[in-house]
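J.: First the structure, then my questions, so here it is.
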Amino acid sequence: MIVSKYVIHVLDANSEIILNDFEGKNNLSTEKFIQKQVKKIMKHDFLRKAKFNDYENNLIRKCSDILSEDKDNFLNASKEAASYFYEMMTNKGELESCDFLVTSILMNDKSYVAILKFDYKTMHNHKIDFEDEKFNIQIIENEIAIQNTSIKQAAIIAVNTLETEYDLYVLDIDAEREGRTSTFIKEFLDAEKVEDEKYLTKEFIRLTNIWINNGIPDILDAEEIRRFRNDILKHNNVMDLEKFSKEVLDYEQDEQFKRFCESYGCDKDFTINHNVVDKKLSKRKIQTLSGFEISARLENFEDRSKFKIERNANGLYDVIIKNVDYLYEK
């Protein structure tokens, strides 16, 4: 990944917008910092593909073209995007104060513009100078602040791409976790998230984990439902929700599951993405209320010669790790 240009603006809802009049100074420290943040975003479980609404007239899309292609107007285009964000922030009340970093990057031989929204309250890793009646805002080397930096909202925008499925990647952790649409994506970016097979597979695994953990109190029943779900995901190309419900759930569970799926909009069959399945179902970690945690490859949990759960005489359960040849401390 190559960081071509970057700039950081300070947007404080309780004070004012401070637009930078100088591009960021490229050095090894800041380049590594930006690269690290972009890589974390691209690997995040809640990262989504999205498409711009009204592509030709979309403000952020047009700014991105300038940011990537017009070096002389990079600063002005970043100011336009930051000012638009500040307007949304002050008018809507949902968006929080932030350090607003805009960067042009080359990743896997493709051009992107990244908009990274850093928490203004906890980051504290910029300095503001006033030179010749102009603001000069630069990232400073603050190891503690940089290590604690966490991005909850970001956009990675593809420039001059031949992709038809999506225009950008978006990260909006809180909104994605709560299943809602945010001002950041709907109004600032003016985009709609794409529900592709990768997202649908990932979301089905996440939501069924939540439903099984909270809706199936019998541990042995829960284990059987997980095993059947995993078997379908690993050995089929399409997730048949009707088959899943009828073959492994009783009537009451079936009705609860259908209502749960409808409430999260995951009530339709979908094509299974096996790359997601391979990643998500490669390992498993379980915890007990009595304080034990077991982590292993999923295949070891599914091997009856290695792992077993039994109901004991008092109605509780025994978790048994079988045929152990040696035990050591880590």
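J.: Can you give me the relative contact order of region 155-218 as a percent, contacts being Cα pairs under 8 Å and 6 or more apart?
T.: Numbers: 25 pairs, mean separation 12.7, N = 64.
With pairs under 8 Å counted, the relative contact order is 20 percent.
J.: Averaging the inverse of every distinct alpha carbon separation and then flipping it gives the Kirkwood radius. What is it for region 13-56, in angstrom units? Spell out each step's value before the answer.
T.: Working: mean 1/r = 0.0702 Å⁻¹.
Evaluated over region 13-56, this radius sits at 14.2 Å.
J.: Just want to confirm a number: the relative contact order over the chain, from Cα pairs under 8 angstrom separated by 6+ residues, in percent.
T.: Working: 487 pairs, mean separation 51.9, N = 330.
Over the chain, the number comes to 16 percent.
J.: By the gyration tensor of its Cα atoms, with a ≥ b ≥ c the square roots of the eigenvalues, what is the shape of region 207-299: rounded for a/c under 1.5, prolate for a/b over b/c, or oblate?
T.: Values: a/c = 1.89, a/b = 1.17, b/c = 1.62.
Taking the square roots of the gyration eigenvalues as a ≥ b ≥ c, region 207-299 is oblate.
J.: Hey, with R₀ at 22 Å, roughly what FRET efficiency would Ser29 and Glu69 work out to, going by the Cβ-Cβ distance, to 0.05?
T.: Values: r = 27 Å, r/R0 = 1.23.
It comes to 0.20.
J.: Tally up the carbon and sulfur contribution to the accessible surface of the chain as a whole percent, 1.4 Å probe, everything protein left in place. Could you put the intermediate results ahead of the total?
T.: On the way: 8530 of 18790 Å².
Taking all protein chains in place, the chain shows 45 percent carbon and sulfur surface.
J.: Can you give the calculated 222 nm mean residue ellipticity of the chain, where each DSSP H run of n ≥ 4 adds -39,500 (n - 2.57) and the sum is split over every residue, rounded to the nearest 500 deg cm²/dmol?
T.: Details: 12 runs with 130 residues, N = 330.
So the helix-based figure for the chain works out to -12000 deg cm²/dmol.
J.: Of Pro217, Thr30, Thr288, which is farthest along the charge dipole of the chain in the positive direction, counting Lys and Arg as +1 and Asp and Glu as -1 at C-beta?
T.: Sorting the options by dipole projection puts first Thr288.
J.: Grab the Cα-Cα distance for Glu94 and Arg259, subtract it from 0.36 nm times how many residues apart they are, and report the gain in nm with one decimal. Working shown, then result.
T.: Working: separation 165, 0.36 × 165 = 59.40 nm, distance 2.97 nm.
Length gained between Glu94 and Arg259: 56.4 nm.
J.: Step by step: find N for region 272-330, compute 2.2 N^0.38 Å, then divide the Cα radius of gyration by it. What's the final number? Spell out each step's value before the answer.
T.: Details: Rg = 14.0 Å, N = 59, 2.2 N^0.38 = 10.4 Å.
Scaled against compact globular proteins, the figure is 1.35.
J.: Now for a different question. What is the local net charge at Asp254, summed over the other residues whose Cβ is closer than 12 Å to its Cβ (Lys, Arg +1; Asp, Glu -1)?
T.: Working: positive: Lys243, Lys246, Lys258, Arg259; negative: Glu242, Glu247, Asp250, Glu252, Glu255.
Neighbourhood net charge equals -1.
J.: Separate question: Taking the Cα centre of the chain as origin, work out the dipole magnitude from +1 charges on Lys and Arg Cβ and -1 charges on Asp and Glu Cβ, in debye rounded to 20.
T.: On the way: 49 positive and 63 negative charges, 238 e Å.
Computed charge dipole of the chain: roughly 1140 debye.
J.: Need one word for region 5-111: rounded, prolate or oblate. Basis is the Cα gyration tensor (sqrt eigenvalues a ≥ b ≥ c); a/c below 1.5 gives rounded, then a/b vs b/c decides. Let's see the in-between values first.
T.: Details: a/c = 1.27, a/b = 1.17, b/c = 1.09.
Rounded, since a/c falls under 1.5.
J.: Which value, to two decimals, describes the C-alpha radius of gyration of the chain once divided by 2.2 N^0.38 Å?
T.: On the way: Rg = 24.1 Å, N = 330, 2.2 N^0.38 = 19.9 Å.
Working it through for the chain, the quotient is 1.21.
J.: Aspartates and glutamates within cross-link reach of Lys202: Cα-Cα under 15 Å, excluding same-chain residues under 8 positions apart?
T.: The reachable aspartates and glutamates, counting only those whose Cα sits under 15 Å from Lys202, are Asp45, Glu176, Asp267, Asp269, Asp278.
J.: Once you treat every alpha carbon in region 193-256 as an equal point and sum by Debye, what is log10 I(q)/I(0) at q = 0.27 Å⁻¹?
T.: Debye output, listed in q order: -1.35.
J.: Next up: Once fully extended, how much extra length lies between Ile321 and Lys306, figured as 0.36 nm per residue of separation less the alpha-carbon to alpha-carbon distance? Could the numbers behind the result be given before it?
T.: Working: separation 15, 0.36 × 15 = 5.40 nm, distance 0.57 nm.
So the chain would gain 4.8 nm between Ile321 and Lys306.
J.: List, in the order given, every pair from Lys152/Lys243; Lys258/Lys280; Lys49/Lys279; Lys152/Lys268; Lys32/Lys110 whose Cα-Cα distance in the structure shown is over 26 Å. Before the final figure, lay out the partial values.
T.: Working: Lys152/Lys243 37 Å; Lys258/Lys280 23 Å; Lys49/Lys279 19 Å; Lys152/Lys268 29 Å; Lys32/Lys110 19 Å.
Cα-Cα > 26 Å for Lys152/Lys243; Lys152/Lys268; rest within.
J.: Kindly report the accessible area of the chain per residue (heavy atoms of protein chains, probe 1.4 Å, no ligands, DNA or RNA), in Å².
T.: Numbers: 18790 Å² over 330 residues.
Result: 57 Å² per residue.
J.: Full extension from Asn160 to Glu187: what is 0.36 nm times the residue separation minus their Cα-Cα distance, to one decimal in nm? Provide the component values of the computation, followed by the final result.
T.: On the way: separation 27, 0.36 × 27 = 9.72 nm, distance 2.27 nm.
Result: 7.5 nm gained on full extension.
J.: Among 237-245, 151-159, what's the highest-first ranking by average C-beta atoms within 10 angstrom per residue? Each step should come with its number before you reach the end.
T.: Working: 237-245: 14.8, 151-159: 21.8.
With the highest mean Cβ count within 10 Å placed first, the list reads 151-159, 237-245.
The values are calculated or read from the model by the stated rules, or taken from the named source; none is laboratory data. Because the structure is a prediction, the values reported are computed rather than measured. No Cβ is skipped: glycine too gets one built from the backbone with ideal geometry, and neighbour counts run over all protein chains shown. What goes into the accessible areas is simple: the full protein's heavy atoms, side chains included, and nothing from ligands, DNA or RNA. Shrake-Rupley method; radii C 1.70, N 1.55, O 1.52, S 1.80 Å.
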